[in-house]
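First the structure, in the form of structure tokens, and then the observations on it.
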Amino acid sequence: MKILVIGSGGREHTIVWKLNKSPRVDKIYCAPGNAGTYSMAENVEIKVDDIEGLCTFAKEKQIDLTIVGPEVPLVMGIVDRFEEENLKVFGPNKECAQLEGSKAFTKDFLYRHNIPTGDYKEFTSFEEAKKAVGIYGYPMVIKADGLAAGKGVVIAENEDEALKAMDDMMKDKKFGEAGEKIVIEEFLKGIETSILCFVDGESIVPMVSAQDYKKIFDEDEGPNTGGMGTYSPSLIYDEKLDEEVKEKILVPTLDGFKKDGLNFKGILFVGLMITKESAKVLEFNVRFGDPETQTVLSRLETDLVEIMESILDGRLKQQEIKWKEQKAVCVVLASGGYPGNYEKGKEIQGLLDIDEDAFVFHAGTKMVDGKVLTNGGRVLGVTAWGDTIDEARKKAYENVSRISFDKMYYRKDIGKLIEK
Ligand code: AMP
Ligand code: GLY
């Protein structure tokens, strides 16, 4: 099979890495890819939002399956466009992608189908939004409705911060159109867990659990990022919680899809807050999480192509899916300054000095004249496996210590349980 993977992050490097192990796969293209996919796939210079360019490429190269990594092309409707051309593509269609493309759409879905989530209100008028400042007390959660690369959520500690966030989103248009509508939400206190699910419209099958570390600093301080590290399985996700999430969240979500006529095929990422009372949905994403994929997919025993085909054919229920017992920890190495401004183009040292039982997934990197240079905020995901989270964690940090680039930054507490 010839496969095209769309994207250039750690998630896509992990997908390519996993596909590379499949006997079904002969050739992988990655558009646009990074320095990590460069050694396992053929990188193609097409941007993720160039839907026509990607479509033409898939036709020309007679691609058997296209896997869409990031949310942007999904929300733009890449799946509908590929299907028009009878090209096989893995991911939800445009209608379903609203579950990530609009926070208000998701909140409305959750409320209508009685799926546990925090209280919320949506606004398109700044004046109206201003009147609602503090209605749920503080901290106050303010979200741009549309896509904002994981940065459109502000947790305001007081009225001034709340007003500033609303002003930034609605008046200064910091996130462009994405902030024309905002959602304000009740703050949920607890521990976050990510449950990625395979969905084929008829069934929903959760993968092993994972935890992401969203904040830039240790102990969950500072602004939100795309994710500074992850481990799997989550230390708090026991059988009882698993049952609760299936019964109260996953099954009603699938039923909701059916009732609303949403033909969801692909990956549904369920972001949960495990509060003292119950598990509540923070968000849905309609694709693999980044960096969760690095720890989740690397624990998948079954061939990913087989699972994806079973989803496209609507026979996920019969598909066997096996997981490794080994635990995984992934520490993200970022450019100093991220999630604010940072420099690119720094040479990365030590990439060849990695243990055999660890792996470095690339994110914001590029290959220039045989050198690997930084090319983004989140640069690498150093991942290791072990019989316990602690063992995997020690190995991951041991390998981190061998890598360096100018102004490299990482959190020191990935793999530890942080209760706020
Ligand atoms: P979202 O993109 O909606 O998941 O929000 C990004 C991050 O903001 C989440 O992973 C949480 O860390 C935090 N967050 C979002 N909504 C809430 C909420 N209602 N209560 C507490 N934290 C939240
Ligand atoms: N790690 C969170 C996300 O992929 O959106």
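The values are calculated or read from the model by the stated rules, or taken from the named source; none is laboratory data. All values derive from a computational prediction rather than experimental measurement. Cβ placement follows ideal geometry from the backbone for every residue including glycine, while neighbour counts extend to all protein chains displayed. Areas reflect the complete protein model, heavy atoms only, side chains present, ligands, DNA and RNA absent. Shrake-Rupley method; radii C 1.70, N 1.55, O 1.52, S 1.80 Å.
Answer yes or no as to whether Ile311 is among the aliphatic types (A, V, I, L, M), open to solvent by less than 10 Å² (accessible area, probe 1.4 Å) and touching a residue at least 24 places away in the same chain (Cβ under 8 Å).
Values: among the aliphatic types (A, V, I, L, M): yes; open to solvent by less than 10 Å² (accessible area, probe 1.4 Å): yes; touching a residue at least 24 places away in the same chain (Cβ under 8 Å): yes.
Yes: the conditions hold for Ile311.
Return the residue satisfying two criteria in turn: it lies in the stretch 64-91 and is within 16 Å of ligand 2 (Cβ to nearest atom) and more than 20 Å from Gly314 (Cα to Cα), and of such residues it is most open to solvent (accessible area, probe 1.4 Å). Quick ask: steps written out before the conclusion?
At the first step, the residues of the stretch 64-91 found to be within 16 Å of ligand 2 (Cβ to nearest atom) are 67-75, 91.
Then keep just the ones that are more than 20 Å from Gly314 (Cα to Cα); that gives 69-73, 75.
On the way: Gly69: 2, Pro70: 18, Glu71: 31, Val72: 59, Pro73: 0, Val75: 41 Å².
Filtering first and then ranking leaves Val72.
Could you check, for the stretch 120-130, whether at least one of its residues is of a type in the set (Asp, Glu) and either modelled with pLDDT of 90 or more or within 13 Å of ligand 1 (Cβ to nearest atom) (or both)? It would help to see each step written out before you state the result.
Let us first name the residues in the stretch 120-130 that are of a type in the set (Asp, Glu), namely 122, 127-128.
In the following step, the residues that additionally are either modelled with pLDDT of 90 or more or within 13 Å of ligand 1 (Cβ to nearest atom) (or both) were identified as 122.
Within the stretch 120-130, one or more residues are of a type in the set (Asp, Glu) and either modelled with pLDDT of 90 or more or within 13 Å of ligand 1 (Cβ to nearest atom) (or both).
What single numbered condition from (1) within 16 Å of ligand 1 (Cβ to nearest atom); (2) within 18 Å of Ile6 (Cα to Cα); (3) modelled with pLDDT of 95 or more fails to hold for Ala149?
Against the list (1) within 16 Å of ligand 1 (Cβ to nearest atom); (2) within 18 Å of Ile6 (Cα to Cα); (3) modelled with pLDDT of 95 or more, Ala149 comes up short only on (3).
Does Glu186 fit the bill of being within 23 Å of Gln98 (Cα to Cα), touching a Phe, Trp or Tyr at 6+ places or on another chain (Cβ under 7 Å) and open to solvent by 10 Å² or more (accessible area, probe 1.4 Å)?
On the way: within 23 Å of Gln98 (Cα to Cα): yes; touching a Phe, Trp or Tyr at 6+ places or on another chain (Cβ under 7 Å): yes; open to solvent by 10 Å² or more (accessible area, probe 1.4 Å): yes.
Judged against the criteria, Glu186 is a match.
Could you say whether any residue in the stretch 269-280 is touching a residue at least 40 places away in the same chain (Cβ under 8 Å), open to solvent by 10 Å² or more (accessible area, probe 1.4 Å) and more than 16 Å from ligand 1 (Cβ to nearest atom)?
There is no residue in the stretch 269-280 that is touching a residue at least 40 places away in the same chain (Cβ under 8 Å), open to solvent by 10 Å² or more (accessible area, probe 1.4 Å) and more than 16 Å from ligand 1 (Cβ to nearest atom).
Residues in the stretch 218-244 that are within 16 Å of ligand 1 (Cβ to nearest atom) and more than 19 Å from the chain's Cα centre (by Cα): how many?
Result for the stretch 218-244: 5.
In the stretch 50-65, is there at least one residue being of a type in the set (A, V, I, L, M, F, W, C) and under 25 Å from Ala334 (Cα atoms)? So that I can check it myself, show each step before the final result.
In the first step, residues of the stretch 50-65 are kept if they are of a type in the set (A, V, I, L, M, F, W, C); the result is 51, 54-55, 57-58, 63, 65.
In the following step, the residues that additionally are under 25 Å from Ala334 (Cα atoms) were identified as none.
The answer is no, given that none of the residues of the stretch 50-65 is of a type in the set (A, V, I, L, M, F, W, C) and under 25 Å from Ala334 (Cα atoms).
Residue by residue, here is whether (1) more than 20 Å from Glu277 (Cβ to Cβ); (2) in a loop (DSSP other than H, G, I, E, B); (3) open to solvent by less than 30 Å² (accessible area, probe 1.4 Å) holds:
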{"position": "Thr106", "(1), (2), (3)": "yes, no, yes"}
{"position": "Glu127", "(1), (2), (3)": "yes, no, no"}
{"position": "Gly134", "(1), (2), (3)": "yes, yes, yes"}
{"position": "Gly146", "(1), (2), (3)": "yes, yes, yes"}
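Of the residues that make up the stretch 241-254, is at least one modelled with pLDDT of 95 or more and in contact with a Gly (Cβ under 7 Å, 6 or more places away or on another chain)? Lay out the reasoning, then the answer.
Just the residues of the stretch 241-254 that are modelled with pLDDT of 95 or more, to begin with: 241-254.
If we keep only those that are in contact with a Gly (Cβ under 7 Å, 6 or more places away or on another chain) too, we end up with none.
The answer is no, given that none of the residues of the stretch 241-254 is modelled with pLDDT of 95 or more and in contact with a Gly (Cβ under 7 Å, 6 or more places away or on another chain).
Quickly run through the stretch 373-420 and pick out the residues that are in contact (Cβ under 8 Å) with a residue 24 or more places away in the chain, in a loop (DSSP other than H, G, I, E, B), under 20 Å from Thr193 (Cα atoms) and not hydroxyl-bearing (Ser, Thr, Tyr).
Taking the stretch 373-420 and keeping what is in contact (Cβ under 8 Å) with a residue 24 or more places away in the chain, we get 373-393, 395-400, 402-415, 417-420.
If we keep only those that are in a loop (DSSP other than H, G, I, E, B) too, we end up with 375-377, 387-388, 402-403, 405-407, 410-415, 417-420.
From what is left, the residues that are under 20 Å from Thr193 (Cα atoms) are 388, 411-415, 417-420.
Result: Arg411, Lys412, Asp413, Ile414, Gly415, Leu417, Ile418, Glu419, Lys420.
Could you check the stretch 7-41 and list, in sequence order, the residues that are open to solvent by less than 20 Å² (accessible area, probe 1.4 Å) and in a strand (DSSP E or B)?
Hits for the stretch 7-41 are Gly7, Ile28, Tyr29, Cys30, Ala31.
When the residues of the stretch 189-219 are narrowed to those that are away from ligand 2 (no atom under 14 Å from the Cβ), among the charged types (D, E, K, R) and within 27 Å of Asp119 (Cα to Cα), which ends up surrounded by the most Cβ atoms within 10 Å (Cβ to Cβ)?
Glu219
From the list Ile51, Ile78, Ile135, pick out the single residue that is at pLDDT below 95 and not polar (S, T, N, Q). Working first, answer last.
Values: Ile51 fails: at pLDDT below 95; Ile78 fails: at pLDDT below 95.
The conditions single out Ile135.
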